[in-house]
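Since the structure comes first, as structure tokens, the remarks are kept for the end.
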Amino acid sequence: MKRFLNRREAGLELAEKLDRFAGRQDVVVLGLARGGVPVAYEIARTLDLPLDVFVVRKLGAPGHEEFAIGAIATGGVRVLNQEAIQLLGITRSAIEQITMLEQQELKRREKMYRGDRGAVDVTGRTVIVVDDGLATGATMQAAITALRKRHPAAIIVAAPVVAPDTCRHLRTVADGCEYVQAPDPFYGVGLWYADFSPTSDREVQLLLEAAERDATPPVPRYAYQY
């Protein structure tokens, strides 16, 4: 399996898997902040679809923050991996403390990315929810749970690279899972990118503004170097 050069190339390749949605008035693309937004931008631009951001925060295990024990999303949704919590012996008070801190960060990002703009209405529409990769799927699961409360017609999960078991599970809670590669063994999302540098808050802002203007994104050149 090949590695994507960066999130831009990954988004362009993923757009080819989603071309049946091109130009449809009943479809919207949501990028999970932060890394999913550059991928989602390329999909939205290629397929002539509206773009918005959806903020989800992973709940990391104490001392091993990269390992997700759950996630929270806009709308007060929290999804917990009870099996992992029990295995690691994480207390309820520790979970609540982690959740409180991540809720503060979620609110900060919502305000920064969107400002006074309201969220795109997804009621009765097909929503393509995009991330730069799906490992455990915890953040995507939280996003799906939150979006169901807004009564979309369908939710399509999309990522350039996915863990096969995670994609199979997400198909049971979403209405589809689209991807370019599903390597087995998976190892981790970053392994499948030549450039997996962090997406900044500013880049997210610029991409959202560019999508709203339907213009070429004025992001620093290094962010999109091949």
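The values are calculated or read from the model by the stated rules, or taken from the named source; none is laboratory data. As the structure is a computational prediction, the values presented were derived from the model and not from experiment. So basically every Cβ, Gly included, is an ideal-geometry build from the backbone, and we count neighbours across all protein chains shown.
For (1) modelled with pLDDT under 90; (2) exposed (fewer than 15 other Cβ atoms within 10 Å of the Cβ); (3) not polar (S, T, N, Q), each residue gets a yes or a no:
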| residue | (1), (2), (3) |
| --- | --- |
| R108 | no, yes, yes |
| D131 | no, no, yes |
| H151 | no, yes, yes |
| A163 | no, no, yes |
| S197 | no, yes, no |
| P218 | yes, yes, yes |
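Test R125 against the stated conditions and say whether it is loosely packed, with under 15 Cβ neighbours inside 10 Å, under 18 Å from R20 (Cβ atoms), modelled with pLDDT of 95 or more and of a type outside the set (G, A, S). I'd like the intermediate steps shown before the answer.
Details: loosely packed, with under 15 Cβ neighbours inside 10 Å: no; under 18 Å from R20 (Cβ atoms): yes; modelled with pLDDT of 95 or more: yes; of a type outside the set (G, A, S): yes.
Here the answer is no, as R125 does not meet what is asked.
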| query | Of these, I90, I69, which one is part of a strand (DSSP E or B) and in contact (Cβ under 8 Å) with a residue 12 or more places away in the chain? | reply | I69
| said: Please count how many residues of segment 159-182 are charged (D, E, K, R) and in a strand (DSSP E or B). | reply: 1
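Working only within segment 1-33, note down all residues that are part of a loop (DSSP other than H, G, I, E, B) and crowded, with 19+ Cβ neighbours inside 10 Å. Write out each step before concluding.
Of the residues in segment 1-33, the ones part of a loop (DSSP other than H, G, I, E, B) are 1-3, 5-6, 18, 22-26.
The answer is N6, L18.
Checking the structure you have, find out if any residue of segment 72-79 is of a type outside the set (A, V, I, L, M), part of a strand (DSSP E or B) and over 15 Å from V204 (Cα atoms).
So the first thing to find is which residues in segment 72-79 are of a type outside the set (A, V, I, L, M), and the list is 74-76, 78.
Subset that is part of a strand (DSSP E or B): 78.
Now restrict to residues that are over 15 Å from V204 (Cα atoms): 78.
Within segment 72-79 (the criterion being of a type outside the set (A, V, I, L, M), part of a strand (DSSP E or B) and over 15 Å from V204 (Cα atoms)), the answer is yes, since at least one residue qualifies.
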| Matching residues in segment 93-145 - criterion: being in contact with a Ser or Thr (Cβ under 6 Å, 6 or more places away or on another chain) and not in a strand (DSSP E or B) | G137
| message | Given the criteria surrounded by fewer than 24 Cβ atoms within 10 Å (Cβ to Cβ) and assigned to a loop (DSSP other than H, G, I, E, B), does G60 qualify? | response | no
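Looking only at residues in segment 143-189 that are among the small types (G, A, S) and without any contact (Cβ under 8 Å) to a residue 40 or more places away in the chain, which one is farthest from G133 (Cα to Cα)?
To start, the set of residues in segment 143-189 that are among the small types (G, A, S) comprises 143, 146, 153-154, 158-159, 163, 174, 176, 182, 188.
When the remaining residues are screened for being without any contact (Cβ under 8 Å) to a residue 40 or more places away in the chain, the result is 154, 163, 176, 182.
Working: A154: 20, A163: 8, G176: 15, A182: 10 Å.
This residue is A154.
For residues that are assigned to a helix (DSSP H, G or I) and more than 9 Å from the chain's Cα centre (by Cα), scanning just segment 40-57, find the one that is surrounded by the fewest Cβ atoms within 10 Å (Cβ to Cβ). Steps first, please.
Looking only at segment 40-57, we keep the residues that are assigned to a helix (DSSP H, G or I), and these are 40-47.
Okay, now just the ones that are also more than 9 Å from the chain's Cα centre (by Cα), so 41-47.
Values: Y41: 26, E42: 25, I43: 28, A44: 26, R45: 21, T46: 16, L47: 19.
Among residues in segment 40-57 that are assigned to a helix (DSSP H, G or I) and more than 9 Å from the chain's Cα centre (by Cα), the one surrounded by the fewest Cβ atoms within 10 Å (Cβ to Cβ) is T46.
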| said: Can you say whether I98 is crowded, with 18+ Cβ neighbours inside 10 Å and more than 16 Å from the chain's Cα centre (by Cα), as far as the supplied structure shows? | reply: yes
| What number goes with the only condition from (1) under 27 Å from F196 (Cα atoms); (2) touching an Asp or Glu at 6+ places or on another chain (Cβ under 6 Å) that L101 does not pass? | (2)
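Select, from A40, A22, the only residue that is within 24 Å of A163 (Cα to Cα) and not β-branched (V, I, T). Quick ask: steps written out before the conclusion?
Values: A22 fails: within 24 Å of A163 (Cα to Cα).
Of the residues listed, the single one that is within 24 Å of A163 (Cα to Cα) and not β-branched (V, I, T) is A40.
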